[in-house]
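Each remark here refers to the structure printed beneath this line.
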């Protein structure tokens, strides 16, 4: 399968994985022109949610991407008793990063409070609010984040 991040979002939604869409996709939903090459979400990484995530991704052959040479399947790790804060996965549909905390904004619950609900693929998808996106981009040192930040600030000004 070619990289298809839309398919990845659809799969997560259809399998009732509870998440807030963050990063580049959230920026695009708010009006950014910058295309992203991966899918970033924020979620509670409880055992129940990990099981839903595994079920959702099982046909996409997810492996932990921070050490692709080790070829560790997401179906094998983390173990049931392992505490998980972030997952960085390579799937047949593309890269999926699952964070439990977003810099300068907070946890899944913090993001969920301000998130907007957007209809996607016949489901409602929670998307990080524009204000939270701006806060997170302000805290990032990378030049690409600063470029998106400038665009998000302009979008916010137009919406006021």
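What follows is calculated from the coordinates using simple rules that are stated; it is not laboratory data. Remember, it's a predicted structure, so these values are computed and weren't measured experimentally. Because the Cβ atoms are built from the backbone with ideal geometry, glycine has one as well, and the counts that use them run over all protein chains shown.
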If we sort 132-138, 30-36, 110-116 on the protection proxy, mean other Cβ atoms within 10 Å, highest first, what's the order? 132-138, 110-116, 30-36
Here the percent of antiparallel bridges among DSSP beta bridges lying wholly in the chain, to the nearest 5, is 75
Can you compute the helix-only [θ] at 222 nm over the chain? Use -39500 (n - 2.57) per DSSP H run of at least 4 residues, normalise by all residues, nearest 500 deg cm²/dmol. -11500 deg cm²/dmol
0 to 90° range, to nearest 10: angle between helix 5-14 axis and the chain longest Cα axis: 70
Just need the relative contact order of the chain here, percent rounded to a whole number, with Cα pairs under 8 Å and 6+ apart. 27
Pick from 98, 72, 17: which residue has the top mean-square fluctuation in a GNM of the chain where Cα pairs under 10 Å get a spring? 72
Which length gain, in nm to one decimal place, applies between residue 44 and residue 131 when the Cα-Cα distance is subtracted from 0.36 nm times their residue separation? 29.2 nm
With eigenvalues of the C-alpha gyration tensor scaled by 5 and rooted, the chain, Å: 26, 16, 16
Rounded to the nearest Å, the spacing of the alpha-carbon centers of segment 20-81 and segment 131-147 is 21
